[in-house]
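Okay, structure first, notes after.
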Amino acid sequence: QFLYAVAGTMGVRTPGQVWLVPPSRALWLPAGTEHVVHAHGDVHMRTLYLDATSAARLPARCAALDVTPLLRELIVRLTTPVDPAETEDTRNLAARLAVAEIGQLPACALALPLPQSADLAAWCEGWLREIGGVPGGALSAAPTSMSPRTLYRRFQQETGISFVRWRQQACLLEAVRRL
């Protein structure tokens, strides 16, 4: 599944990740990927579903991708009602071109990894809900009675990035969403 918002911004949650998908980007979701899409504001979403042969050329994992102007127009054309004057060959050619274009898109850093453990994941969810507030107080406190050192070590182990980097990325994604 290839998710693209012509207008508006989507937030997409997959197991272990939070993705931000603004209009100039799209999200590739390989077959079988559980996900939930949240619309931020007035979203006009388009989705392309690819067959297994076409999807085999694309990344094996979820990826946020930059969308080219050509691909944007192909997505719009492929998701509008079929023009009776358009031949099946023309539509198939547009679909093949879209898949080729998707396969060459550069990835962009619009993902936020989530911890695997229940206590850290729940704390991160709360932090993400309150991200518009001033960092400090309850937001900066560890989710349990763990020490800051333990928090930083566990964050690195479970997300692959430091807590400070995670918090910066969360704030950056929220700022992009608001823009």
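The values are calculated or read from the model by the stated rules, or taken from the named source; none is laboratory data. Since the structure is predicted, the reported quantities are computational estimates derived from the model, not experimental observations. Methodologically, a virtual Cβ is constructed for each residue, glycine included, from the backbone with ideal geometry; neighbour enumeration extends over all protein chains shown. Heavy atoms of the whole protein, side chains included, go into the accessibility calculation; ligands, DNA and RNA do not. Shrake-Rupley method; radii C 1.70, N 1.55, O 1.52, S 1.80 Å.
The figures follow:
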{"item": "Estimated 222 nm signal from helices in the chain, with DSSP H stretches of n ≥ 4 weighted -39500 (n - 2.57), rounded to 500", "result": "-12000 deg cm²/dmol"}
{"item": "Additional length obtainable on full extension of the chain from residue 119 to residue 94, 0.36 nm per residue less Cα span", "result": "4.3 nm"}
{"item": "Residue-span extension gain [residue 109 to residue 24] - 0.36 nm each, minus C-alpha spacing", "result": "29.3 nm"}
{"item": "Counting all C-alpha pairs of the chain, share separated by more than 28 Å (%)", "result": "33 percent"}
{"item": "Kyte-Doolittle mean at least -0.5, axial Cα span of 15 Å or more - DSSP H helices of the chain", "result": "88-103, 118-129, 163-178"}
{"item": "Carbon + sulfur, % of accessible area of the chain - ligands and nucleic acids excluded, 1.4 Å", "result": "55 percent"}
{"item": "Surrounding net charge for residue 163, when Lys and Arg each add one and Asp and Glu each subtract one, Cβ distance under 13 Å", "result": "+4"}
{"item": "Pairwise centroid distance, computed over Cα atoms, of segment 70-120 with segment 27-57, Å", "result": "8 Å"}
{"item": "Order of exposure, largest accessible area first, which applies to 10, 146 with probe 1.4 Å", "result": "146, 10"}
{"item": "Estimated FRET transfer efficiency (residue 35, residue 178; beta-carbon r; R0 22 Å; 0.05)", "result": "0.45"}
{"item": "Relative contact order (%) - the chain, alpha-carbon pairs under 8 angstrom, separation at least six", "result": "21 percent"}
{"item": "Neighbour cut-off at most 13 other Cβ (10 Å), DSSP loop, GluC sites (Glu not before Pro), segment 44-110", "result": "86"}
{"item": "Anisotropy class of segment 3-95 from Cα gyration tensor, a/c 1.5 cut", "result": "oblate"}
{"item": "Cα gyration tensor, segment 1-57 - rounded (a/c under 1.5), prolate or oblate", "result": "oblate"}
{"item": "Selected from 26, 64, 100 as most flexible by GNM, with the chain as the system and alpha-carbon contacts under 10 Å", "result": "100"}
{"item": "Probe 1.4 Å, accessible area per residue of the chain, Å²", "result": "56 Å²"}
{"item": "Neighbour cut-off at most 16 other Cβ (10 Å), DSSP loop, trypsin sites (Lys or Arg not before Pro), segment 34-111", "result": "57, 61"}
